[in-house]
Structure formats: C-alpha cells, structure tokens
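The values are calculated or read from the model by the stated rules, or taken from the named source; none is laboratory data. Everything numeric in this text was worked out from a predicted model, so none of it was measured. We place every Cβ from the backbone using ideal geometry, glycine too, and count neighbours over all the protein chains shown. All accessible areas refer to the heavy atoms of the entire protein, side chains included, with ligands and DNA or RNA removed. Shrake-Rupley method; radii C 1.70, N 1.55, O 1.52, S 1.80 Å.
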Amino acid sequence: MYRDNTLIPSEAVRLLALGILASKPKSYAELAREVRHFTGRIVGPSLDLVGAPLEVLKVEGLVQNQGGAPDLPDDDPEAENQLLTVTEQGRAELLRLLSANVRPQISDLNKLIVALKMRFLHLMDPADQRVQAELLHDICERELARLIDLRQHHDVEAGHLHDWLDLEIAQSQARLDWTVRLRDRLA
C-alpha cells in the first residue's frame, strides 16, 4: 500500500481476484478472464494493472484448489479446470484490502477501487460496511469542496475552465448525493 493506506494497482487486482473467488469458486482461466474484463471496463487497458500473476495468490496461501485438492500436473487436461477458492488467510487479506483508504482525487485507479468496494462491500460486516460508506462520503465532500474553491478562484477568468468545472462540480455533487443515500441505507 501507499503510505496513506491506499491501494497500489497490483493490490487492486489482488482485491478483485480475491473478491471474485470469495463470491464463487472459479478456474484460473475464468478468474484471469474476469479480472481482465472488469479492470478493462472500468479503467480501460492499463499496464499499471498488469500485476503479478494470479498464481502468486496460491503461493502466498490466499487461494487453493477447491476442497484443498492438490495441484494437477500442467500436462493433465483437467488442470485448467480445477476450481480455486479463497482460504481463511485470503479472506482476511480481502477484508484488509477492502478497508483501505481511497485517495480524494478522481482518477482511473480510484474509480476502480471504489467500484471494487461497491462490488464486494457486502462481504464485510455491517459495521465495516458503514465505515466504508462514511469514508466514501467524506472523500466526496472533500472533492466537491476542492472543486468549488477552484471554481470560485477562477470565476472571472476568460476561457472555458469555469464551464468544465461546473460539469465536474455537478458530477461530484451527484456522487456525494449517492454516497449519502448509501450511508443512510447502511445506517
């Protein structure tokens, strides 16, 4: 993680893989395909999100073959169909990653991390879900305040910055309103 307890790109991929497997066992090929699809649709193709191979999750003891079955040799036709599942250690890592902070600026990585939190928030205890909703609400409030301040500072300048900032402010306000509704539902 970064010093501010936010996820680096490889940890976002790790969170995604663990969350997918916590929801339903999948083969390595299915897992890789789903990770690639989700990250590609949220942030587009990104070299930053080509992290360590998902096989590392096995080596670290975060996932295992379903039922603890031993690995089949690579030349065995059934090897690619073995289902992976999350271990208890993997579930603890998933919850640790889900609890990470989110940076206040809107970026592709932050969008991915927020999307991952929304996708897997239900895997957390209700109290932890509320903490995450409050965290997202606070981030949206700070982002909106930052944009409003910037808009006010540049209000009298020529150009199109103020129009663009109005768009950003409207989007930030909509995100803030949405997090208020989420927070209230989880209260």
Summed over the other residues with a beta carbon less than 11 angstrom from that of LEU15, with K and R at +1 and D and E at -1, the charge totals +2
If you average 1/r across every pair of different Cα atoms in the chain and take the reciprocal, what Kirkwood value do you get, in Å? 18.3
Residue among GLY19, GLY40, GLY159 with the largest mean-square fluctuation in a Gaussian network model of the chain, springs linking Cα atoms under 10 Å: GLY159
So, relative contact order of the chain in percent, Cα under 8 Å, 6 or more apart, is 23
Counting other Cβ atoms within 10 Å of each Cβ, which trypsin sites (Lys or Arg not before Pro) in the stretch 100-187 have at most 13 and sit in a DSSP loop? none
Mean-position separation - Cα centroids, the stretch 102-160 and the stretch 13-36, in angstrom: 26
Per-selection Rg to Rh, the stretch 96-165 - Cα, Kirkwood hydrodynamic radius: 1.13
Charged-residue dipole, Cβ positions (Lys, Arg, Asp, Glu), the chain about Cα centre, Debye nearest 20: 460
Can you give the accessible area per residue of the chain, in Å², using a 1.4 Å probe? 57
Can you check what the net charge comes to around LEU150, using other residues whose Cβ is under 14 Å from the Cβ of LEU150 (Lys, Arg +1; Asp, Glu -1)? -4
When the accessible area of the chain is split by element with a 1.4 Å probe, what percent falls to carbon and sulfur? 54
